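Inspection log for the structure reproduced underneath, given as structure tokens.
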Amino acid sequence: MTQKYYAHSKNKVNQKHLLVDHLESVGKLVRCFTQGLSWTEEAALAGQLHDLGKYGDLFQLRLQGKAEGIDHWSAGAWAAISKEYQAIAAALAIEGHHIGLQYLNKDHLKALAPQKLSLNHPLQLKLSENDPSVLKSRIEADGIAPKQQDMAKFDFSIESNIDRMLDIRMLFSALVDADFLDTEAHFNGDEKGKRYRESGPALKTEQTLEILLTYIEQVRQKTTASADVVEVRTALLADCLRATDSRTSLFTITAPTGSGKTFAMLAFALKHALEKGLRRVVMVIPYLSIIEQTAAIYRNILAPHFGENYVLEHHSLAGFGAEPDKNISDNEGENGEKTTSERQRRLLSENWDAPIIVTTSVQMLESLFSNRSSACRKLHQLARSVILFDEVQTLPAGFAVPTLAALSHLANGYGSSIVFATATQPAFEHLDNAVKTHCNRGWRPSEIVSQPASLFKRLRRTKVTWDSPDHGIGWDELTERLRKNKQALCIVNLKGHARSLWECLGEGTFHLSTNMCPAHRRDILDSVRNKLNEKQPVCLVATQCVEAGVDVDFPVVYRAYAPLDSVIQAAGRCNREGRLEDQGLLYVFMPEDEAYPPGGGYEQAAHITKMLFREVGADNMSLDDPGFIKDYYGRLYDISKPEMSKGTKELMEFVKAGSFPDVARQYRLIKQDAINVLVPYASMMTEFERLNDEADKTGLTAAWIKDARLLAVSLYRPKPDDAVWDALIPVKTGGRKVRGEGDWFIYAVKEHYHSELGLVPSGALNIWIG
């Protein structure tokens, strides 16, 4: 009788997972995921070889709980780079599907040799089988030995650059997703066999576009906006629908705030996808508050027609944080399988199997440079997609060049289209030559809006008054100025400033910052909008979280000196609908206590704004002139030299060395680790208690996370000795509930959640984000 080899232990109906079945299934899934790409054959090879080491006797003993600390992945990687295949990308993907992508260089590939690993394994593990010929004979006996492929289709290069590393990540993504899905199907199986999760719906492009355009027309008919605003929105939509047949794949949309970009961008994406045969739309947004708002809008329009799964919202509150740097594969239960924690991570990692995705800049961009399976799992879904970046001015200048190079290759190599949209379009074409040093295509996008300057001129709704940046004012003086207005918004740069000003203004003043959970912010904005609409007195003090994408319309706005794009975004909250008989009023002031968020880039950009003011004077600070905005970015890039930044130089050194782990660690848009905290917001205390009880009983689940988002606040992970840990209860993950570990916590001290300010723990804490 032929011996049977298994990939995974028994599922809930007492069935083991046959290894031959797993390898065949993963190979087929990978081929399906990569159909039409130049490296499909290499990806299919990776699927067939990825668990080759499980044919080893030691791994089979591990499944029985009789062995531990076994490396079963290196064998498949070594087979992939044998003379028979020489499939370097497949080898790195196979090795990485358990420990993350490692190193694209000769020394690392040579170190995968079984004779070397058996003598000195870098992770102090044992190989499942030291003799590759034994494994080869067993996979051949199972009838699935990979045939020698068309070698002309394989890339043998070990020269590392951004393009090559992204290609390897894309192959890795397809392998990981296929492996996760087939393993999940086994453990979800029943007497009838494996049960795969239901595939996401296909993008019904023509129907979706028709529904969207109908909705836009309904909104237009009901709007109370001025005729000028309606005309600009109509013109922008028309431009977006006209530009969809362009042969280029890099675009910009430069349009003023309040011009209807949220709808026009999606209309462009849908018609472009229809004409180009693209299969998915990904909307990338910098802030959680805008994601929640945009996803809700799209879902309200489309869910009644296509169901809730048609629009997927994915961000930092959607699951686990970063995977651990340590070897996760040696973290096993008694039967040699993955711990429940690790299996949960796989279940919760998102593969973007939906037609419309709404996600964050961090989630999208860090994945393009990651080496970890859960982060990279979704990347293969980006091929032949329309990827829309809203409020693109927020992209970090320090990583602009490698970011543009990666996106350019995504467009050029994978048939995707990239759209950068904002009222304050960065002059990224200024960096074209620098981008070309890392990818052939460079960065030369086509502008979708036929006459951006005309749109801005027609939407000139605000008069701007500039205080001198050389003379600061205190909170008391600013308070007196604000109190002279019946309705006013004041935006400052720091949460501490917002709190100080709110305290000076006193009772009746509203406060908004990311110390407040989304439900709290939503309630505050609803109250503010009601007072604005009813022409009641209202004053709102906020951080920059109120700027991009938040739909409020004040007659008067005060803005602390900031980067020019932030000042322009603040202007977009002033007379937004153009309903005032005269123009709205924007006052730019310098706080006496001048300070900016940490990191350097924000402060440097604010100094460019002040430099421009001193040079051209208040009358020539043309916030509604795209040419002036482009000049601002040109000056910013000339001074900051993003292509020469320390971060970029170090990143490119790691790219040249082919070091996937170092590239992933270096490319971090948010440098500090963050945690998610469920907070006791009084207006939703019943829901808080329910989630608290459920977390105690069942631990972290996808459903729990989805429900918890409205009550979550993100904090930088406190230092180990920080007193705030005494108030944080970790949500169980895979049976563990350990202080300081994990990414989700429940805040236990209800008195620390302020009805106006949000989460305000006692003591001075340096853990606030944004």
**Message:** Take the conditions within 25 Å of Gly47 (Cβ to Cβ) and outside any loop (DSSP other than H, G, I, E, B) and apply them to Ala269. Does it pass?
**Reply:** no
The condition of being within 28 Å of the chain's Cα centre (by Cα), of a type in the set (A, V, I, L, M), over 28 Å from Asp593 (Cβ atoms) and not in a loop (DSSP other than H, G, I, E, B) holds, among Ala519, Ala498, only for Ala519
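Of everything in region 82-94 that's open to solvent by 10 Å² or more (accessible area, probe 1.4 Å) and farther than 13 Å from Glu41 by Cβ, which residue is modelled with the highest pLDDT? Before the answer, list the steps.
At the first step, the residues of region 82-94 found to be open to solvent by 10 Å² or more (accessible area, probe 1.4 Å) are 82-86, 88.
Retained after the next criterion (residues that are farther than 13 Å from Glu41 by Cβ): 82-84, 88.
Details: Ser82: 88, Lys83: 82, Glu84: 84, Ile88: 94.
Across region 82-94, the extreme among qualifying residues is Ile88.
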Exercise for review: Tell me, please, whether a residue that is out of contact with any Phe, Trp or Tyr (no Cβ under 8 Å at 6 or more places or on another chain), of a type outside the set (Val, Ile, Thr), assigned to a loop (DSSP other than H, G, I, E, B) and at positive phi can be found in region 99-121.
Suggested key: no
Condition set surrounded by 18 or more Cβ atoms within 10 Å (Cβ to Cβ) and of a type in the set (Ser, Thr, Tyr), scope region 689-738, selection farthest from Cys517 (Cα to Cα): answer is Thr733
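Could you list, in sequence order, the residues of region 617-632 that are open to solvent by less than 70 Å² (accessible area, probe 1.4 Å) and touching a helix residue (DSSP H, G or I) at 6+ places or on another chain (Cβ under 9 Å)? Reasoning before the result, please.
Initial filter on region 617-632 (open to solvent by less than 70 Å² (accessible area, probe 1.4 Å)): 617-618, 621-629, 631-632.
Matches in region 617-632: Met621, Ser622, Leu623, Asp624, Asp625, Pro626, Gly627, Phe628, Ile629, Asp631, Tyr632.
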Practice problem: Kindly indicate whether any position in region 461-476 is under 23 Å from the mean Cα position of the chain (by Cα), of a type in the set (S, T, N, Q) and assigned to a strand (DSSP E or B). | Solution: no
The correct count of residues that are within 30 Å of the chain's Cα centre (by Cα) and hydrophobic (A, V, I, L, M, F, W, C) in region 215-244 is 8
When every residue in region 549-562 that is within 15 Å of Tyr587 (Cα to Cα) and not charged (D, E, K, R) is compared, the one surrounded by the most Cβ atoms within 10 Å (Cβ to Cβ) is Val557
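Of all residues in region 192-245, count the ones that are of a type in the set (Lys, Arg) and assigned to a helix (DSSP H, G or I). Break it down stepwise before answering.
Taking region 192-245 first, the residues of a type in the set (Lys, Arg) are 192, 194-195, 197, 204, 220, 222, 233, 242.
With assigned to a helix (DSSP H, G or I) added as a condition, the list becomes 220, 222, 233, 242.
Qualifying residue count for the region: 4.
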Checked region 487-504 for anything buried (at least 21 other Cβ atoms within 10 Å of the Cβ), under 21 Å from Gly584 (Cβ atoms) and not β-branched (Val, Ile, Thr); matches are Ala488, Leu489, Cys490, Leu501
Flagged pairs (Cβ under 6 angstrom, 6 or more apart or on separate chains; first in region 505-528, touching a residue at least 60 places away in the same chain (Cβ under 8 Å); second open to solvent by 10 Å² or more (accessible area, probe 1.4 Å) and of a type in the set (Gly, Ala, Ser)) are Thr514/Gly770
Reported set for region 261-275 where residues are surrounded by fewer than 24 Cβ atoms within 10 Å (Cβ to Cβ) and over 16 Å from Val392 (Cα atoms) is Phe263, Ala267, Lys271, Leu274, Glu275
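Of all residues in region 11-20, which are open to solvent by 20 Å² or more (accessible area, probe 1.4 Å), under 21 Å from Gly76 (Cα atoms) and in contact (Cβ under 8 Å) with a residue 60 or more places away in the chain? Don't jump to the end; show me each part of the working.
So in region 11-20, the residues open to solvent by 20 Å² or more (accessible area, probe 1.4 Å) come out as 12-16, 18, 20.
This time we only want the ones that are under 21 Å from Gly76 (Cα atoms), so: 18, 20.
Passing the criteria: only Val20.
Only one residue in Val546, Val528, Val550, Val557 is of a type in the set (Val, Ile, Thr), under 23 Å from Lys484 (Cα atoms) and in contact with a helix residue (DSSP H, G or I) (Cβ under 7 Å, 6 or more places away or on another chain). Which one?
Numbers: Val546 fails: in contact with a helix residue (DSSP H, G or I) (Cβ under 7 Å, 6 or more places away or on another chain); Val528 fails: in contact with a helix residue (DSSP H, G or I) (Cβ under 7 Å, 6 or more places away or on another chain); Val550 fails: under 23 Å from Lys484 (Cα atoms).
After ruling out the rest, the residue left standing is Val557.
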With the first residue restricted to region 298-309 and required to be in contact (Cβ under 8 Å) with a residue 12 or more places away in the chain and closer than 17 Å to Leu209 by Cβ, and the second required to be loosely packed, with under 11 Cβ neighbours inside 10 Å and not basic (Lys, Arg), Cβ contacts under 8 Å at 6 or more apart or on different chains are Arg299/Glu308
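Give region 522-537 a look and list any residue that's of a type in the set (S, T, N, Q) and either under 29 Å from Ala255 (Cβ atoms) or assigned to a helix (DSSP H, G or I) (or both), or say none.
Ser527, Asn530, Asn533, listed by residue number.
Looking at region 194-205, can you tell me whether even one residue there is open to solvent by less than 20 Å² (accessible area, probe 1.4 Å) and in contact (Cβ under 8 Å) with a residue 24 or more places away in the chain? Explain how you work it out, then say what you get.
Step one: filter region 194-205 for residues open to solvent by less than 20 Å² (accessible area, probe 1.4 Å), giving 205.
Next, from what is left, pick out any that are in contact (Cβ under 8 Å) with a residue 24 or more places away in the chain: 205.
Taking every residue of region 194-205 in turn, at least one turns out to be open to solvent by less than 20 Å² (accessible area, probe 1.4 Å) and in contact (Cβ under 8 Å) with a residue 24 or more places away in the chain.
In contact (Cβ under 8 Å) with a residue 40 or more places away in the chain and closer than 14 Å to Leu135 by Cα, is that true of His72? Can you show your working first?
Working: in contact (Cβ under 8 Å) with a residue 40 or more places away in the chain: yes; closer than 14 Å to Leu135 by Cα: yes.
In short, yes.
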Those residues of region 235-260 which are surrounded by 15 or more Cβ atoms within 10 Å (Cβ to Cβ), free of Cβ contacts under 8 Å to residues at least 60 places away in the same chain and either within 23 Å of Arg461 (Cα to Cα) or in contact with a Pro (Cβ under 6 Å, 6 or more places away or on another chain) (or both) amount to Leu237, Gly260
Reported set for region 525-548 where residues are within 27 Å of Asp707 (Cβ to Cβ), buried (at least 20 other Cβ atoms within 10 Å of the Cβ) and not small (Gly, Ala, Ser) is Leu525, Val528, Thr543, Cys545, Val546
| Somewhere in region 676-699, is a residue touching a residue at least 24 places away in the same chain (Cβ under 8 Å), assigned to a loop (DSSP other than H, G, I, E, B) and closer than 21 Å to Leu431 by Cα? | no
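Could you tell me whether Ala595 is out of contact with any Phe, Trp or Tyr (no Cβ under 7 Å at 6 or more places or on another chain) and open to solvent by less than 20 Å² (accessible area, probe 1.4 Å)? If you could, list the steps in order and put the result at the bottom.
On the way: out of contact with any Phe, Trp or Tyr (no Cβ under 7 Å at 6 or more places or on another chain): yes; open to solvent by less than 20 Å² (accessible area, probe 1.4 Å): no.
Against the criterion (out of contact with any Phe, Trp or Tyr (no Cβ under 7 Å at 6 or more places or on another chain) and open to solvent by less than 20 Å² (accessible area, probe 1.4 Å)), Ala595 does not qualify.
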Within region 144-165, of all residues that are at pLDDT below 85 and not hydrophobic (A, V, I, L, M, F, W, C), the one most open to solvent (accessible area, probe 1.4 Å) is Lys147
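The values are calculated or read from the model by the stated rules, or taken from the named source; none is laboratory data. Bear in mind the structure is a predicted one, so any value in this text is a computation, not a measurement. Neighbour counts run over all protein chains shown; Cβ positions are idealised from the backbone, glycine included. Only protein heavy atoms, including side chains, enter the accessible area calculation; ligands, DNA and RNA are left aside. Shrake-Rupley method; radii C 1.70, N 1.55, O 1.52, S 1.80 Å.
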